[in-house]
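Worksheet for the structure shown next.
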Amino acid sequence: MEKKKDCILRGLICGGEVSLAVADTTSLVNEAIRIHGLSALSAAALGRTLTAAAYMCSSLKEERGALSVTIKGDGVGGGIYVSGDKALHMRGYIENPQAYLPPNAKGKLDVGGCVGKNGYISVVRDDGENQPFVGTTALVSGEIGEDFAAYFAYSEQIPTALAVGVKIGTDGKCLGAGGVFMQPLPGASEESIRFVEETIGKFAAVSTMMQEHTAEEVWHEFFGAVQFYTCFPEYKCNCSRNYIEGVLAALGEKELREAIAEQGKIEVHCHYCNTDYTFTPEDAEEIIRRSHEEQRG
């Protein structure tokens, strides 16, 4: 079977009164599993957050737009951190990548226990105008989908019906992941709102749908021949050795030399791509030298 490419389909339904998105993020979640060595439970929690954040990034208006999501609860997984941009370059991590709990009463992964019920979800969205919007909402259940719905309702005043899911196989890989998002637009009729409320319940098994079908097939089966446009999320960290060198240069000569004197080297870890960068005393001196040249030039 040919590997499907992740995608987010977006369009308008109900005569233009409802914004719809259908997302397949299976590869995105598998890349997170590969990079971080995630347990099934941690993969489900981080994968749902990556899916919802990718949907939100697909709404960014400016090319320089960026978004970050933080979920801090009292569950066994610890905090979840996801960032992305207008190009849908997504990245994220969970504090406890090997979180484990026995299955819940329904025999499914206990994502609510992984996240916890006491805490908050916070979103920082910058549409590229250097005036970021920050919204924070208390966790509702730790189920992530319900928490994002509460965030949209209370922080952005945008009623949103959504379903997100991640299905992990016995080999630890993601079999299917994705989501469906519906937002009635201002002035939407009662009929359109009722359609949204009745339809979202059909996607309780959205991860299995994405395992067995393409996003396009799901779109056409449930919403008919409605036009859509497609964007393509991927797991991509924006860090590099050059980028880290720039960060170190910004610290200044004094701090760099003090760090080298104390530790003999400088080590920087990127949580998003799980990469370690090591800088020797010679590397530090080269960074200082280039910094001086740039200041003179």
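The values are calculated or read from the model by the stated rules, or taken from the named source; none is laboratory data. Keep in mind that what you see is a predicted model, and the values were worked out from it rather than measured. Every residue, glycine among them, receives a Cβ derived from its backbone with ideal geometry; neighbour counts consider all protein chains shown. For the accessible areas, the whole protein counts, side chains as well, though only heavy atoms, and no ligand, DNA or RNA atoms are used. Shrake-Rupley method; radii C 1.70, N 1.55, O 1.52, S 1.80 Å.
What the table below lists for this structure:
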item: On Cα atoms only, tilt of 190-199 relative to the major axis of the chain in degrees; result: 70 degrees
item: FRET efficiency for E63 and C239, using Cβ-Cβ distance with R0 set to 25 Å, rounded to 0.05; result: 0.80
item: Area of Y229 that stays accessible when all protein chains are in place (1.4 Å probe, Å², to 10); result: 120 Å²
item: Structure-derived volume of the Cα convex hull per residue in Å³ - corresponding label in (i) 165; (ii) 127; (iii) 140; result: (i)
item: Theoretical ellipticity at 222 nm over the chain - DSSP helices of four or more residues, -39500 (n - 2.57) apiece, nearest 500; result: -11000 deg cm²/dmol
item: Only Lys, Arg (+1) and Asp, Glu (-1) charged, at Cβ; the chain dipole about Cα centre in debye; result: 420 debye
item: Potential lengthening between E267 and L101 on full extension [0.36 nm per residue; Cα-Cα distance subtracted]; result: 56.4 nm
item: Fraction of accessible area attributable to carbon and sulfur, the chain (%, probe 1.4 Å); result: 50 percent
item: On Cα atoms only, tilt of 145-155 relative to the major axis of the chain in degrees; result: 80 degrees
item: Peptides ranked, highest mean first, by Cβ atoms within 10 Å: ranges 142-149, 50-57; result: 50-57, 142-149
item: Among Y151, A250, T199 the positive-end extreme of the charge dipole of the chain (Cβ point charges); result: T199
item: Positive-end residue of G73, Y120, T214, charge dipole of the chain with Cβ unit charges; result: T214
item: Potential lengthening between S141 and V124 on full extension [0.36 nm per residue; Cα-Cα distance subtracted]; result: 4.0 nm
item: Size of charge dipole - segment 14-111 - debye, nearest 20, with Cβ of Lys, Arg +1 and Asp, Glu -1, no other charges; result: 100 debye
item: Accessible area expressed per residue, the chain, with surrounding protein chains retained (probe 1.4 Å, Å²); result: 50 Å²
item: Positive-end residue of Y277, L9, S27, charge dipole of the chain with Cβ unit charges; result: S27
item: Segment 51-57 - phi-based ³J(HN,Hα) in whole Hz, Karplus 6.51/-1.76/1.60, Gly and Pro as x; result: 5, 5, 5, 5, 4, 5, 5
item: Estimated distance in nm for a label pair at K117 and V134, the labels positioned 7 Å out from Cα along Cα-to-Cβ; result: 2.9 nm
item: Derived scalar couplings ³J(HN,Hα) [segment 258-269; Karplus, 6.51 cos²θ - 1.76 cosθ + 1.60; whole Hz; x for Gly, Pro]; result: 5, 5, 5, 5, 7, 10, x, 6, 10, 10, 10, 10
